[in-house]
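Single-structure report; data block below.
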Amino acid sequence: MRDSLIAWSGGVESTALVVWALNKGYNPLIYHVNNSWHLDSIETERKGVLEMKKILGCEVLDLENKSHGQFRFMSEKPKTMLNFYWWMYWGVFLSCTNPGLHVLWYGDNNGVFKEGDGLGDAQTQQFEDVKQGSIRVARGLQNSFDVQCPLRRPKVELWNSIPDELKPHVHSSDDHEAWVKFYDREKSKTNSI
């Protein structure tokens, strides 16, 4: 029986989360959503998740978002919230169609190179509003539901927790210059294995 939901983008944080959950013996319902973060990388992200799924031997629901990031009612730069919104939307839906699932886990970091370095994922009010709104909707449709990030660590630490055979398939859209250099160097190492 499934015990949790995991939104898997194929990025560093969510891949580390999937590995952590499987290693801890959880039986999550894992889903990948084409979140339209970067239109040019949709297929790369999807292929990466499908390859990692094979390596890990886990099931993954492959959900498609046809909006391609275009929402007139959202601000001019909605990328982060659109990403999180789609994960929450499908998480609420999947929790309602699988009544035993009461927690949605998502990947996040609290810094890139060290905790609190100011380079990591920001917890904005808009982020919290989407999260809390999703919880309220899900709880209104069933008894209990929560959204949690059980593995919030620096991005480099999360990267290092991912098995080497998965690393060539992990996609990162983080564009901080120092991270890009680190990521490119690490990917070239794993691609040569």
*Within the set of pairs 6+ apart or on separate chains, which have a first residue in segment 47-66 that is on the phi < 0 side of the Ramachandran plot, a second that is open to solvent by 70 Å² or more (accessible area, probe 1.4 Å), and C-beta atoms under 6 Å apart?*
I55/E165
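Results for (1) free of Cβ contacts under 8 Å to residues at least 60 places away in the same chain; (2) part of a strand (DSSP E or B); (3) out of contact with any Phe, Trp or Tyr (no Cβ under 6 Å at 6 or more places or on another chain); (4) of a type in the set (D, E), shown as yes or no for each residue.
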{"site": "A138", "(1), (2), (3), (4)": "yes, no, no, no"}
{"site": "W159", "(1), (2), (3), (4)": "no, no, yes, no"}
{"site": "D164", "(1), (2), (3), (4)": "yes, no, yes, yes"}
{"site": "S173", "(1), (2), (3), (4)": "no, no, no, no"}
{"site": "W179", "(1), (2), (3), (4)": "no, no, yes, no"}
*Condition broken by P150, with the remaining ones in (1) within 15 Å of the chain's Cα centre (by Cα); (2) modelled with pLDDT of 75 or more; (3) closer than 21 Å to V19 by Cβ; (4) in a helix (DSSP H, G or I) satisfied*: (4)
_Within segment 20-30, considering residues that are of a type in the set (A, V, I, L, M) and open to solvent by 10 Å² or more (accessible area, probe 1.4 Å), the one modelled with the lowest pLDDT_ = L29
_Taking the conditions exactly as written (open to solvent by 40 Å² or more (accessible area, probe 1.4 Å) and within 21 Å of Y106 (Cβ to Cβ)), does L151 satisfy them or not?_
no
*asked:* If I filter segment 169-185 for residues that are at pLDDT 90 or above and open to solvent by less than 70 Å² (accessible area, probe 1.4 Å), do I get at least one hit?
replied: yes
*asked:* I need the full set of residues from segment 93-130 which are over 27 Å from L22 (Cβ atoms), in a loop (DSSP other than H, G, I, E, B) and either open to solvent by 50 Å² or more (accessible area, probe 1.4 Å) or among the hydroxyl-bearing types (S, T, Y) (or both), in order please.
replied: G116, G118, L119, A122, T124
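May I ask you to verify whether D117 is of a type in the set (D, E), under 14 Å from the mean Cα position of the chain (by Cα) and modelled with pLDDT under 90?
Working: of a type in the set (D, E): yes; under 14 Å from the mean Cα position of the chain (by Cα): no; modelled with pLDDT under 90: yes.
The answer is no for D117.
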*Residues of segment 102-136 being among the charged types (D, E, K, R) and touching a residue at least 60 places away in the same chain (Cβ under 8 Å), which ones?*
D108, D121
*Any idea which of (1) touching a Ser or Thr at 6+ places or on another chain (Cβ under 7 Å); (2) open to solvent by 70 Å² or more (accessible area, probe 1.4 Å) is the one A138 doesn't satisfy?*
(2)
*From S36, S75, grab the single residue that is within 19 Å of F127 (Cβ to Cβ), surrounded by 14 or more Cβ atoms within 10 Å (Cβ to Cβ), touching a helix residue (DSSP H, G or I) at 6+ places or on another chain (Cβ under 9 Å) and at pLDDT below 90.*
S36
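The values are calculated or read from the model by the stated rules, or taken from the named source; none is laboratory data. Quick caveat, the model's predicted, so the values are computed rather than measured. Note that we place each Cβ from the backbone using ideal geometry, even for glycine, and neighbour counts take in every protein chain shown. For accessibility, only protein heavy atoms count, side chains too; no ligands or nucleic acids. Shrake-Rupley method; radii C 1.70, N 1.55, O 1.52, S 1.80 Å.
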